[in-house]
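Structure first, then comments.
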Amino acid sequence: MSLKSFSDYLLLEKNYSQLTLKAYMSDLQEFSEFVRFEYDTDEIIAVNYQQIRSWIITLVEKGLTNRSVNRKISSLNSYYRFLLKIEEIEVNPLSKHKALKTSKKIQVPFSEQEMKKVLKEMSLTNDFEGVRNRLIVELFYATGIRRIELVQLELSNVDIINNTLKVLGKRNKERFIPLLPSVIETLETYLKLRSKLDVIVDNSYLFLTKKGVKIYETLVYRIINDYFSIASSKVKRSPHILRHSFATHLLNQGANLNAVKELLGHSSLAATQIYTHNSIAELKKVYSNTHPRSKN
């Protein structure tokens, strides 16, 4: 069975993004090379669990984290489940596999004070890049969108009249997020400066570099890391921490968990519940400071 059929299945039936598709195919290609070298076969369709387990051990010995190994095995498992579906195999060699244990990562969000400090600092610069960078931070914090979602935003996704943003999330699932008046104000300023660029190559995309080409993910990460290094001593300063801050601050203010789920574009409530950790911590703090008997 050609991997091309599986690739088409992920893209056309599962609606996976090109980025996700690339990761899946890269994992399968890596495993193919492993069995070719270790077992002298080009047919990963016929491998057994012991051969897969041998690959897992090799990955661990190379220093990959359990989380990374689990992701690769997940790609492989999806492939074998696809083969079962189209009746190319009768048994999934990974049917009894148990994922490697991983420690739960507790993401520490930026505080409201850190957010205010960064936004205040960014308001001092009014050239194209300064306003663009401020809009990027404001959008992350006001909408909770993912980094790839921000990079892929197009001009047509923005509805200034109705103050909404259309976001294309995982598996090409659309969602609409309301925009705050302050974000609209920064957005309008950015669009005016954007229209004055000497050259615009990727005109359909919202965020551009000074050269008029579509902004890229590593640049977005660098922007967030650089600005927040001024206001925060946290080790991790990334777009995802801004997404985490968005969700945590909403929950701290009493937002409904289901509403936050929809805003974040999660397919299940379980994915959203990881953001309640800091919200509960905030509730404990309020409870401790205000309950009459806590002072005893």
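Miscellaneous remarks
- Scalar couplings 3J(HN,Hα) for segment 132-142, obtained by applying the Karplus form with A = 6.51, B = -1.76, C = 1.60 to θ = phi - 60°, are 4, 5, 5, 5, 4, 5, 4, 5, 4, 6, 8 Hz; x denotes Gly and Pro.
- Cα-Cα over 22 Å, subset of LYS166/LYS196; LYS22/LYS173; LYS22/LYS211; LYS120/LYS173; LYS170/LYS261; LYS62/LYS101: LYS166/LYS196; LYS22/LYS211; LYS120/LYS173
- A simple count of charges around PHE246, restricted to other residues whose Cβ falls under 12 Å of its Cβ and scoring Lys, Arg +1 and Asp, Glu -1, yields 0.
- Taking amide hydrogens as placed 1.01 Å from N in the peptide plane, the amide H of GLU154 sits under 5 Å from those of LEU206, each at least 5 positions away in sequence or on another chain.
- Rounded if a/c under 1.5, otherwise prolate or oblate - segment 60-190, Cα gyration tensor axes: prolate
- In a fully extended conformation the segment linking ALA46 and GLU112 would gain 18.3 nm over its present Cα-Cα distance, using 0.36 nm per residue.
- Taking a ≥ b ≥ c as the square roots of the eigenvalues of the Cα gyration tensor, segment 3-85 is oblate, since a/c reaches 1.5 or more and a/b is not larger than b/c.
- Normalised contact order of the chain, rounded percent, pairs of Cα under 8 Å and 6 or more residues apart: 16 percent
- This ranking places SER182, SER245 by how few other beta-carbon atoms lie within 10 Å of each, fewest first, which gives SER182, SER245.
Bear in mind these aren't lab numbers, they're just calculated from the coordinates by the rules spelled out. In this text the structure is predicted, and so the values were computed from the model without any measurement. Neighbour counts run over all protein chains shown; Cβ positions are idealised from the backbone, glycine included.
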